[in-house]
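Report on one structure; see the data block that follows.
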Amino acid sequence: MLNNREELIAYRAAAEKDYAAQEKKIIVCAGTGCVAGGSLKIFERLKELIEAKGLPVELGLAEDPHSPGIGLKKSGCHGFCEMGPLVRLEPQGWLYTKVKVEDCEEIVEQTIEKGECVDRLAYKRDGEIYREQSEIPFYRQQTRMVLEHCGKIDADTIREYIAIGGYSALEKALFDMDADKIVAEVSDSGLRGRGGGGFPAGRKWEQVKRQKETPKYVVCNGDEGDPGAFMDRSIMEGDPHRMLEGMIIAGIACGASEGYIYVRAEYPLAVRRLKNAIAQAEELGLLGDNILGSDFSFHMHVNCGAGAFVCGEGSALTASIEGKRGFPRVKPPRTVEQGLFDKPTCLNNVETYANVPSIITNGSGWFRGFGSEKSPGTKAFALTGNIKNTGLIEVPMGTTLREIIFDIGGGMRGSGEFKAVQIGGPSGACLTKEHLDLPLDFDTLKKVGAMIGSGGLVVMDSNSCMVEVARFFMNFTQNESCGKCVPCREGTKRMLEILERIVAGEGQDGDIELLLELAETISATALCGLGKSASSPVVSTIKNFREEYEAHIYDKRCPAGACQKLKQIVIDPALCKGCSKCSRSCPVSAISGKIKEPFTIDLNKCIRCGSCIDTCVFKAIKEV
């Protein structure tokens, strides 16, 4: 238990010394992706091999600066998910990719004992070997601020977080600043909410601070329901104390003594690490009553959501924490006035709170040195889809799509050309080639009808059908509609039915106009922000790819060749030898003909299973 500022300073100095005493560090990625790939088995095997050789190994950060050894750690997500499982080696800064359990012996013998790099495990691109993580193009183009510690420290150890400067911002906020100064610093930094809306964080904190009613609450939205998004999850798994520190500082600024973290139950690792981090902070006296001997008390709680997308909306989220059904409500009053338990509530997402410690430590001017004038700082994105390097990235606000997709992401996977990127999840929109040099910030995207959202980027190539993309997101939104308001409950259902007809080849004249009319009605009349933006993917795909909709409706053809029910399988009579193998393999007897003469396919019977294509040795059958 740390009873005052001086004890924290002494504890940090000892932790820094212990951290430095670990001459070598092996950091195994234990984020969800790498764990699924077997990284925990790699961790155990490395531990077993190192101990078998009689080498001193420490799990986490031991309190013994006189016994330098090898620090074996489980970190959070390194970000380069495409290349996992990942193992980072210090002090060299080497990164081993796609590591397997059978590679562990070579890692111990070559790297730990001899100090040599195992080049076959290093990242390779265009014939060049990148041993150091910082030199890999995927990392070199990034500016990692919120994610700076993810993949570099033990995610389960508060001592290690303190050793690299953790909780120094809390110390400063408690003893060198008051609520007004904290709010002013956050306001001057220009930090805007990273959950999607981009509302100025300092303005929200000021609104909560000036409310007279008590108690007040600090709530963290860790629901993150967008398909393909995992930024908040990675922060909670890889650097949980950073987020907790930001929330505690928000509590000082707003005059709140209780904090609630709302996390998806589908994030069990994040939940476990958050609870562990809270317990460690309480044990050290950084959470609880009279923190560090001050008159400020703050208690933290973790609530698990049941997987409802709508609970990412503020009022639905607070209702869920209260034990009610996750329904959004009409505003005003707003959350800052009547939020959790009808009391003033400061509600931000994980990434927003994780930015706060560095702003308090380094100052608002430092933070404004990154990003654009009206959108300072950086933004984490989950890069997925038809791209070579998928994973978690962080770039300054204002970075262009071209830089993200082609410099960091390595360009398109396979032979397809870039076609579009869905940004902002189900509430976002599609950006196309004409937007490649568009700066990604809140205001610029709003002008083109898009939004950053929580930060999901799904990249699509020329083989992607944009009508099917719209159908996919509308299906997701319709399934996740809470059903409270008619426009969202019924409107999205009607839109989905139309889209399903179109991709099935049953589109009708007027469908496009009806989709746009429904979209306008839902956007204008839905109860919450999620409902109002539900039709955005449909509107943006019609705007940018109207010709694809028309081809589906009028030509009964999918230009991308992706819609199964619009595919046609034909036999080229010039190549067909009349062997009858295709006819015998067809499960619905759709192929007929005479031996040694070209066969034909009855398209009314054909179910497009493709068995005939696989059977034909003359390559005479193909999809068109």
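The values are calculated or read from the model by the stated rules, or taken from the named source; none is laboratory data. All values derive from a computational prediction rather than experimental measurement. In this analysis, Cβ positions are derived from the backbone assuming ideal geometry, glycine residues included, and neighbour counts consider all displayed protein chains.
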Residue hits (the range 106-152; of a type outside the set (S, T, N, Q), out of contact with any helix residue (DSSP H, G or I) (no Cβ under 9 Å at 6 or more places or on another chain) and over 25 Å from residue 404 (Cα atoms)) are 113, 114, 115, 119
Flagged in the range 562-589 as under 11 Å from residue 468 (Cβ atoms) and assigned to a loop (DSSP other than H, G, I, E, B), in numbering order, are 562, 563
In contact (Cβ under 8 Å) with a residue 40 or more places away in the chain, surrounded by fewer than 23 Cβ atoms within 10 Å (Cβ to Cβ), in a loop (DSSP other than H, G, I, E, B) and not assigned by TED's automatic domain parsing to the domain that holds residue 518: does that describe residue 453? no
Number of positions in the range 394-427 that are in contact (Cβ under 8 Å) with a residue 40 or more places away in the chain and on the phi < 0 side of the Ramachandran plot: 22
Filtering the range 542-559 down to residues that are assigned to a helix (DSSP H, G or I) and either under 13 Å from residue 470 (Cβ atoms) or not small (Gly, Ala, Ser) (or both) yields 542, 543, 544, 545, 546, 547, 548, 549, 550, 552, 553, 554
So is residue 302 over 30 Å from residue 484 (Cα atoms), modelled with pLDDT of 95 or more and either among the β-branched types (Val, Ile, Thr) or assigned by TED's automatic domain parsing to the domain that holds residue 395 (or both) or not? no
Pairs only if they're at least six apart or on different chains, beta carbon under 8 angstrom, first in the range 431-446 and farther than 16 Å from residue 536 by Cβ, second of a type in the set (S, T, N, Q) and buried (at least 21 other Cβ atoms within 10 Å of the Cβ); list them, first residue then second. 439/399; 440/399; 441/375; 443/375
Before we move on, is residue 131 at pLDDT below 95 and not β-branched (Val, Ile, Thr)? no
Looking only at the range 432-459, and only at residues there that are acidic (Asp, Glu) and farther than 24 Å from residue 417 by Cα, the one that is nearest to the chain's Cα centre (by Cα): 441
Criterion first (touching a Phe, Trp or Tyr at 6+ places or on another chain (Cβ under 7 Å), farther than 18 Å from residue 269 by Cβ, modelled with pLDDT of 95 or more and not in a loop (DSSP other than H, G, I, E, B)) does residue 46 satisfy it? no
Taking the options 62, 21, 36, name whichever one is small (Gly, Ala, Ser) and modelled with pLDDT of 90 or more. 36
Which condition breaks for residue 570 when tested against (1) among the aliphatic types (A, V, I, L, M); (2) farther than 28 Å from residue 624 by Cβ; (3) loosely packed, with under 15 Cβ neighbours inside 10 Å? (2)
Could you name every one of the strands (runs of 3 or more DSSP E) located completely within the range 331-406 that has at least 2 residues being touching a helix residue (DSSP H, G or I) at 6+ places or on another chain (Cβ under 7 Å) and among the small types (Gly, Ala, Ser)? 378-385
Count of residues meeting criterion [in a loop (DSSP other than H, G, I, E, B) and free of Cβ contacts under 8 Å to residues at least 40 places away in the same chain] in the range 132-155: 1
